[in-house]
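A.B. asks: After the structure tokens below, expect a handful of questions from me.
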Amino acid sequence: MRNSKIAGVGHYVPEKVVTNKDLEKLMDTSDEWIRERTGIVERRYFQEGIDTTANMGANAAQKALKMANLDATDIDMIVFATLSPDYMFPGSGVLLQRELGLKEIPALDIRNQCSGFVYALSVADQFIKTGMYDNILVVGSEIHSSGLDFSTRGRGVSVIFGDGAGAAVLTPSESNDKGILSTHLHADGEFAEELAVIDPGSIKNNRLTHEMIDEGTIYPYMNGNLVFKHAVTRFPEVIQEALNKNGYKATDIDMLIPHQANLRITSYIQQKMGLPAEKVMSNIQKYGNTTAASVPIALSEAVQENRIKEGDLVCLAAFGSGFTWASALIRW
Ligand code: UT7
């Protein structure tokens with residue numbers, strides 16, 4: 001079976017910059033608390049009428065296609081990862097297809113939150129391995145800012161999330177020593193409600209009520225301490241799993257791209273894996289946690305900054321709501 005490779009990457013973030021100081025005006029928080037606990041300095045928020053989850057994805061996709069030297073019409077399939085789709089249904093994949101002016105190619109939406117992009121990459125990789133498709137567009141795009149509780153009640157979550165999009169174009173690799181070497185996917189539904197948006201949900205007779213809005217169950221809930229504890233266990237575990245599968249050790253990694261959940265989590269992973277800071281990508285300072293978009297944005301920036309060169313061993317890893325976690329090992 002043939003390998004797939006990432007032939008192009010790209011990202012797009014909305015223009016509007018929101019600093020920690022801006023959030024201080026909305027809720028009882030402080031720049032100091034946010035920096036110390038999360039590493040975040042600022043994030044981007046979408047602007048209604050300008051940015052949508054789908055069109056931000058399309059923007060990132062155009063850049064990834066350019067790097068891959070492909071036209072949108074060369075794409076055989078779209079895999080779109082988001083937890084903040086434009087509509088309840090249909091998914092954002094079909095809207096992205098429309099944005100790119102494409103017809104009839106399949107568009108699949110993936111709902112695996114922070115692990116969404118790595119799950120999506122794995123799905124695309126399987127389609128290329130089997131020979132069903134050649135060129136697949138994988139996108140992670142999120143708009144969080146329209147769904148956050150900006151009162152003090154929501155501060156534990158709202159200061160963390162940001163908006164943005166990243167994309168990758170997958171094509172068949174010329175050799176089996178190059179491209180995506182393996183992907184590793186995991187989930188544990190026991191903790192489904194520990195990081196979740198519960199309402200509006202289909203299990204209630206009335207999906208959306210005034211009480212839900214008043215009580216704030218329409219906003220993301222996170223048991224931060226519990227999520228943190230699981231994250232620092234699962235990240236190193238799933239990175240090690242990818243290394244073991246391919247006969248490498250942690251110090252063979254040239255660039256580790258972890259999901260940008262918290263700078264403290266990233267520092268912990270870096271130390272646990274015994275890697276120098278320059279081999280671990282961190283851009284949470286600028287964008288906050290953009291869930292499914294965070295890995296492709298970080299990957300795209302690492303490529304843009306020439307921090308990844310041909311032949312490098314690149315590891316992507318993510319953990320988040322579900323709980324779900326995943327990794328991908330790539331010979332660039
Ligand atoms: O992307 C998916 C995966 N997500 C993650 O991996 C996130 C994992 N969790 C975390 O990153 C951290 O748990 C948080 C950054 C969310 C929170 O940091 P923490 O160090 O775990 O803080 P905490 O929740 O234990 O709260 C400590 C204190 C509390 O006050 P008391 O009870 O000690 O008086 C909170 O009420 O900080 C308070 N607090 C805040 N204060 C100012 C919580 N949020 C804020 C805030 N500003 N925004």
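A.B. asks: Hey, can you tell me all the residues within segment 120-151 that are hydroxyl-bearing (Ser, Thr, Tyr) and either part of a loop (DSSP other than H, G, I, E, B) or farther than 28 Å from ILE50 by Cα (or both)? Walk me through how you get there before you give the answer.
C.D. replies: Looking only at segment 120-151, we keep the residues that are hydroxyl-bearing (Ser, Thr, Tyr), and these are 122, 130, 133, 141, 145-146, 151.
Across segment 120-151, the qualifying residues are SER122, THR130, TYR133, SER151.
A.B. asks: From the list GLN271, GLN285, pick out the single residue that is within 16 Å of the ligand (Cβ to nearest atom) and surrounded by fewer than 24 Cβ atoms within 10 Å (Cβ to Cβ). Please lay out each step first, then the result.
C.D. replies: Numbers: GLN271 fails: within 16 Å of the ligand (Cβ to nearest atom).
One residue alone meets the criteria, GLN285.
A.B. asks: Now for a separate question. Which condition from (1) more than 13 Å from the ligand (Cβ to nearest atom); (2) in contact (Cβ under 8 Å) with a residue 24 or more places away in the chain; (3) at negative phi is the one that PRO220 breaks?
C.D. replies: Here PRO220 clears every test but (1).
A.B. asks: Take the conditions touching a Lys or Arg at 6+ places or on another chain (Cβ under 7 Å), within 16 Å of the ligand (Cβ to nearest atom) and more than 21 Å from LEU299 (Cα to Cα) and apply them to ASP22. Does it pass?
C.D. replies: The answer is no for ASP22.
A.B. asks: Tell me which residues, restricted to segment 201-250, are in contact with a Pro (Cβ under 9 Å, 6 or more places away or on another chain) and not in a loop (DSSP other than H, G, I, E, B).
C.D. replies: Within segment 201-250, MET212, PHE235, ILE239, ALA250 meet the criteria.
A.B. asks: Pick out the one residue from LEU83, LEU96 that is buried (at least 20 other Cβ atoms within 10 Å of the Cβ), in contact (Cβ under 8 Å) with a residue 24 or more places away in the chain, part of a helix (DSSP H, G or I) and aliphatic (A, V, I, L, M). Give the steps one after another, and end with the answer.
C.D. replies: Values: LEU83 fails: part of a helix (DSSP H, G or I).
After ruling out the rest, the residue left standing is LEU96.
A.B. asks: Pairs under 6 Å by beta carbon, first residue under 25 Å from ASN289 (Cα atoms) and at pLDDT 95 or above in segment 242-266, partner near the ligand (Cβ under 9 Å from one of its atoms) and of a type in the set (Ser, Thr, Tyr), six or more apart or different chains?
C.D. replies: HIS259/SER294; GLN260/SER294; ASN262/THR38
A.B. asks: Would segment 256-266 turn up any residue that is more than 26 Å from LEU96 (Cα to Cα), outside the structural domain of ASP74 (by TED's automatic domain parsing) and more than 17 Å from the chain's Cα centre (by Cα)?
C.D. replies: Yes, segment 256-266 has at least one match.
The values are calculated or read from the model by the stated rules, or taken from the named source; none is laboratory data. Only a predicted model underlies this, so the values are computations on that prediction, with no experimental measurement involved. Virtual Cβ from ideal backbone geometry, glycine too; neighbours counted across all protein chains shown.
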